[in-house]
Amino acid sequence: MCLGGEFLVPLLLEFGTHPRVAAATSGFLIFFNTSSNVAHYLLAGTIEPFLAYGVGCFLFAPYLHRYGLDHLCSPIA
């Protein structure tokens, strides 16, 4: 059963879910679906291994931005 954001978000809104919750659910579904597909293709050998490095950097970059730059840019006490 494949419930993507295009189908699930309007359904959640129709059921009375808060729009921010519906948008976050859509983002999670897209992220989960994409990452599971990348993992599947890596295990199947369809994607070259160097692409896994790029995907890893792509997945790690938001956390580095969120926590690393906040720490580096915080005022020194």
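The criterion of at least 2 residues that are at pLDDT 85 or above is met by the following helices (runs of 4 or more DSSP H) wholly inside the stretch 9-77: 19-44. Look at the stretch 1-24: where a residue is over 24 Å from SER35 (Cα atoms) and a partner is hydrophobic (A, V, I, L, M, F, W, C) and at pLDDT 85 or above, sitting 6+ places away or on another chain with Cβ atoms under 6 Å, you get LEU13/ALA22.
Whenever a residue of the stretch 27-50 is within 30 Å of VAL9 (Cβ to Cβ), its partners that are of a type in the set (Gly, Ala, Ser) and not in a helix (DSSP H, G or I), lying with C-beta atoms within less than 9 angstrom and at least six residues away or across chains, give the pairs LEU29/GLY4; ILE30/GLY4; ASN33/GLY4. For the stretch 23-66, the set of residues classified as among the polar types (S, T, N, Q) and touching a helix residue (DSSP H, G or I) at 6+ places or on another chain (Cβ under 8 Å) consists of THR25, SER26, SER35, listed by residue number.
The values are calculated or read from the model by the stated rules, or taken from the named source; none is laboratory data. Predicted model, so just to flag it, every value in this text is computed and none were measured. As a convention, Cβ positions derive from the backbone with ideal geometry for all residues, glycine included, and neighbour counts pool all protein chains shown.
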